[in-house]
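Worksheet: one structure, shown below.
Since every read-out is calculated from the coordinates, none of them should be taken as a lab result. From a predicted model like this one, the values you see are computed outputs, not experimental measurements. Because the Cβ atoms are built from the backbone with ideal geometry, glycine has one as well, and the counts that use them run over all protein chains shown.
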Amino acid sequence: MFSEKKRLMNSDLTKEQNKIAQGTTFTGNIESQGSFRIEGKLIGNIKTPGKIVVGKSGYIEGQVECENADFEGEFKGELKVSKFLTLRATAKIEGEVFTDKLSIEPGAILNATCSMKGNVKSLSRKEEPSISKKSALG
């Protein structure tokens, strides 16, 4: 009975939400199974298989790794979002961004290099094999 309850509690920790409140400054690295809402200031790295929401007063400087992210606040550093990144109108992003899908509202500032997975094709040209006259003529 108790072991089943414990298993159910640990089954989907990404639905649990952690919060750094407005007026709070956290310096250091965070690794969690739960999602995050950042309204304060985080100087450091954060890693979660869940979602990160950065409110209007939120600020992160460092490296972020998550599944989904929704930004209204500021970010400086390296942002790795494995699925969907949303930048709201008040968002300010600087640094490097790696994501699968990206949504940007008018007014958002994205001053970063951005790499997207999926159907992105390489821009480098491959040399085509040359056709000799003999094979072209038959």
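Some points to look at:
- Summing charges over all other residues whose Cβ lies under 15 Å from the Cβ of residue 111, with Lys and Arg as +1 and Asp and Glu as -1, gives -3.
- Å³ per residue enclosed by the Cα convex hull of region 37-86: 53
- Here the contact order of region 14-118, divided by its residue count and restricted to Cα pairs under 8 Å and six or more residues apart, works out to 17 percent.
- Residues 35, 57, 103, sorted so that the one with the fewest Cβ neighbours within 10 Å comes first: 103, 57, 35
- Computed over neighbours whose Cβ is under 10 Å from that of residue 63, the net charge equals -2, Lys and Arg +1, Asp and Glu -1.
- Percent of Cα pairs exceeding the 25 Å cut-off, where the set is region 14-118: 8
- Neighbourhood charge, 14 Å Cβ-Cβ cut-off, centred on residue 78 and excluding it, Lys, Arg +1 and Asp, Glu -1: -1
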